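Note sheet for the following structure.
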């Protein structure tokens, strides 16, 4: 396996029910692309020893002493039962998540940004920071931290924003000055979801993306629903279908980080090429159906 800058690591934080479900689909796609066996929970690489799928595998996966690859991720939620549905998924992928990377309580956010940010979130955010710090210390050359969240919910927007602030302060202290913070986030729409607080959560959450993220990819729930209806011919799209579309987009966006190449080979180059000004860092995503 190659060593050096090509293997610069990325730590993922997945927050809230939507964020964890989207990230779960993302990790499943990555396991299949990099030939990691997840169905039996073994996490073993099944491809060629010197194959292209293994060259940059350590960007998102951490290899254990017995050749077991586990996602370099931290799962966070204020609703333990929702998180248990992800970690206990029937596809076997949940067994690859490290127990020390699963952080949750059962207080709930009440779908309220303020409650998640100010009341229930601070204790959890400190735990998240400590977990991220340990994960960063185990990396050879950390290149960035990415968030997977929904700005519709209290946990994704509120706790997500708090974790961004906490981790940004930690990285700016000199531990990872050159690290890039990026986010994959869904935003509300009138036709998908009916909670009044979604728009307040999103407005406050976008401000956190402005302040602490270097680049953000936003996904409109209405656009995702339209893709399911027009392209996949679904009359009533389910959130699982929409999550899968986001995961495919995430896989495509990060493909240049996971496979050999010169264009956008790391988050810093991607940021330089795509972000012309500091606050113009909300990036559009386009997908072509085959």
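The values are calculated or read from the model by the stated rules, or taken from the named source; none is laboratory data. These numbers come from a predicted model, not from an experiment. Don't worry about glycine lacking a Cβ; one is built from the backbone with ideal geometry, like all the others, and counts go over all protein chains shown.
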Leading residue by the ranking (modelled with the highest pLDDT) among those in region 266-290 that are surrounded by 18 or more Cβ atoms within 10 Å (Cβ to Cβ) and assigned to a loop (DSSP other than H, G, I, E, B): 281
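For every residue, the table says whether it meets (1) touching a residue at least 60 places away in the same chain (Cβ under 8 Å); (2) farther than 16 Å from residue 23 by Cα.
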{"site": "208", "(1), (2)": "no, yes"}
{"site": "236", "(1), (2)": "no, yes"}
{"site": "242", "(1), (2)": "no, no"}
{"site": "252", "(1), (2)": "no, no"}
{"site": "272", "(1), (2)": "no, yes"}
{"site": "277", "(1), (2)": "no, yes"}
{"site": "283", "(1), (2)": "yes, yes"}
Filter region 195-206 for residues that are outside any loop (DSSP other than H, G, I, E, B) and free of Cβ contacts under 8 Å to residues at least 40 places away in the same chain; the one that is nearest to residue 273 (Cα to Cα) is 203
Which is surrounded by fewer than 21 Cβ atoms within 10 Å (Cβ to Cβ), touching a strand residue (DSSP E or B) at 6+ places or on another chain (Cβ under 7 Å) and modelled with pLDDT under 95, of 67, 47? 67
From the options 53, 8, residue that is touching a strand residue (DSSP E or B) at 6+ places or on another chain (Cβ under 6 Å) and at pLDDT below 95: 8
If I filter region 33-56 for residues that are touching a residue at least 24 places away in the same chain (Cβ under 8 Å), touching a helix residue (DSSP H, G or I) at 6+ places or on another chain (Cβ under 9 Å) and within 26 Å of residue 165 (Cα to Cα), do I get at least one hit? no
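Here is a yes/no grid of residues against (1) within 22 Å of residue 191 (Cβ to Cβ); (2) at pLDDT below 90; (3) assigned to a loop (DSSP other than H, G, I, E, B); (4) touching a strand residue (DSSP E or B) at 6+ places or on another chain (Cβ under 8 Å):
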{"position": "216", "(1), (2), (3), (4)": "no, no, no, yes"}
{"position": "224", "(1), (2), (3), (4)": "yes, no, no, yes"}
{"position": "233", "(1), (2), (3), (4)": "yes, yes, yes, no"}
{"position": "237", "(1), (2), (3), (4)": "yes, yes, yes, no"}
{"position": "243", "(1), (2), (3), (4)": "yes, no, no, no"}
{"position": "257", "(1), (2), (3), (4)": "no, no, no, yes"}
Against the conditions (1) in contact with a strand residue (DSSP E or B) (Cβ under 7 Å, 6 or more places away or on another chain); (2) surrounded by fewer than 19 Cβ atoms within 10 Å (Cβ to Cβ); (3) closer than 25 Å to residue 119 by Cα, where does residue 220 fall short? Just the number, please. (3)
Output for region 182-194, where each listed residue is assigned to a strand (DSSP E or B) and surrounded by fewer than 22 Cβ atoms within 10 Å (Cβ to Cβ): 187, 189, 192
What about residue 72, is it within 21 Å of residue 170 (Cβ to Cβ), out of contact with any helix residue (DSSP H, G or I) (no Cβ under 6 Å at 6 or more places or on another chain) and buried (at least 17 other Cβ atoms within 10 Å of the Cβ)? yes
Criterion violated by residue 209 - all others in (1) surrounded by fewer than 18 Cβ atoms within 10 Å (Cβ to Cβ); (2) touching a strand residue (DSSP E or B) at 6+ places or on another chain (Cβ under 9 Å); (3) in a helix (DSSP H, G or I) satisfied: (1)
Counting only residues in region 168-190 that are over 21 Å from residue 254 (Cα atoms) and touching a residue at least 40 places away in the same chain (Cβ under 8 Å), the one nearest to the chain's Cα centre (by Cα) is identified as 168
Going through region 126-152 one residue at a time, which ones are in a helix (DSSP H, G or I) and closer than 30 Å to residue 57 by Cβ? 127, 128, 129, 130, 131, 132, 133, 134, 135, 136, 137
Is it the case that residue 142 is farther than 14 Å from residue 212 by Cα and surrounded by 15 or more Cβ atoms within 10 Å (Cβ to Cβ)? yes
Selection count where residues are in a loop (DSSP other than H, G, I, E, B) and out of contact with any strand residue (DSSP E or B) (no Cβ under 6 Å at 6 or more places or on another chain), scope region 98-112: 8
